[in-house]
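Right, one structure below, let's go through it.
The values are calculated or read from the model by the stated rules, or taken from the named source; none is laboratory data. All of these numbers come straight from a predicted model, not from anything done at the bench. Here Cβ is always computed from backbone atoms with ideal geometry, including for glycine, and neighbour counts include all displayed protein chains.
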Ligand code: GTP
Ligand code: MG
């Protein structure tokens, strides 16, 4: 039996071998198509399995009938019952939620906080609370399910040196938790540049396969390195392409391991806006469309913070207020 066929058979039979199957192993997908798909940010079976035949045909430069066969093969290998609504509902049941510490903010996000299998993006200017919300979530992710947590560990990818152990301790202690234990359950990695930041995603996959129950990945900040490294106007398209790929990888990480991804993003002035709020998120629409939930944070009256939900596919564009207190993110002031 040829090696490739053997691999696929193993994958269909034994779950253990699933990770060995690559897009290139699918019928009708040659090296040129693989290259085109990678350029579009599709690296694995999941990415391909969720596409429509016409989408895949266009991206990979193949006919629709070949594309259909490849998608069917990918779905079979992943044992995904896409036609089965009940199975889909079962999969949704796996979704867990992590409370933010503020009921207002939880409600804005649909009632239960930040969710797994999704990306939540917070963008806003300096001091708006993006990092503070991340620190709170890193603690709350560890809470048991019935206390609004995901009963898991957190990964903090730090691009700006903003991770604060002392602050984690403070937040943990206010919940009556053992702060040493809480800190031990947060894996912190400093990303030195965008390539390093991207590589760390694979590392997270490895840690999970090694048995770490990671339920939350925080990236603070998602865009800072990309922004700094692709400063000139001529390189904007390159930056967007790289950022696009990265976000697709994050989406797949969230889906595959049923974890929540929380990313922070800076804002910049949009010269095209003459009236109203002239700030827009770095990375623009690419980040926007991939994020399941986008929060725009800003300073409000009397030390409050205002959070606005933007472009959510299934929730209204509401806004609410919360406070950053000594104990963490809350509905009320200290
Ligand atoms: P940049 O990373 O600079 O873009 O900002 P950010 O949006 O990440 O801001 P961050 O989350 O770091 O919020 C900083 C603000 O949180 C400070 O200006 C304080 O108002 C507030 N803050 C931080 N720590 C504490 C604390 O221990 N107690 C209280 N009451 N407020 C705090
Ligand atoms: Mg910050």
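Quick check on residue 222: is it within 16 Å of ligand 2 (Cβ to nearest atom), within 14 Å of the chain's Cα centre (by Cα), closer than 26 Å to residue 325 by Cα and surrounded by 14 or more Cβ atoms within 10 Å (Cβ to Cβ)?
Values: within 16 Å of ligand 2 (Cβ to nearest atom): yes; within 14 Å of the chain's Cα centre (by Cα): yes; closer than 26 Å to residue 325 by Cα: yes; surrounded by 14 or more Cβ atoms within 10 Å (Cβ to Cβ): yes.
Judged against the criteria, residue 222 is a match.
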Q) Is it the case that residue 113 is over 18 Å from residue 219 (Cα atoms) and in contact with a strand residue (DSSP E or B) (Cβ under 6 Å, 6 or more places away or on another chain)? A) no
**Q.** Residue that is within 16 Å of ligand 2 (Cβ to nearest atom), modelled with pLDDT of 95 or more and under 24 Å from the mean Cα position of the chain (by Cα), where the choices are 267, 263, 306, 282
**A.** 263
Q: Among the residues of region 92-106, write down those that are in a helix (DSSP H, G or I) and either modelled with pLDDT under 95 or exposed (fewer than 15 other Cβ atoms within 10 Å of the Cβ) (or both).
A: 92, 93
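Take residue 287 and tell me if it is at pLDDT below 80, more than 12 Å from ligand 1 (Cβ to nearest atom) and assigned by TED's automatic domain parsing to the domain that holds residue 211. Break it down stepwise before answering.
Working: at pLDDT below 80: yes; more than 12 Å from ligand 1 (Cβ to nearest atom): yes; assigned by TED's automatic domain parsing to the domain that holds residue 211: yes.
Judged against the criteria, residue 287 is a match.
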Q: Report, by residue number, each residue of region 132-146 that is surrounded by fewer than 21 Cβ atoms within 10 Å (Cβ to Cβ) and either within 16 Å of ligand 1 (Cβ to nearest atom) or touching a residue at least 24 places away in the same chain (Cβ under 8 Å) (or both).
A: 143, 145
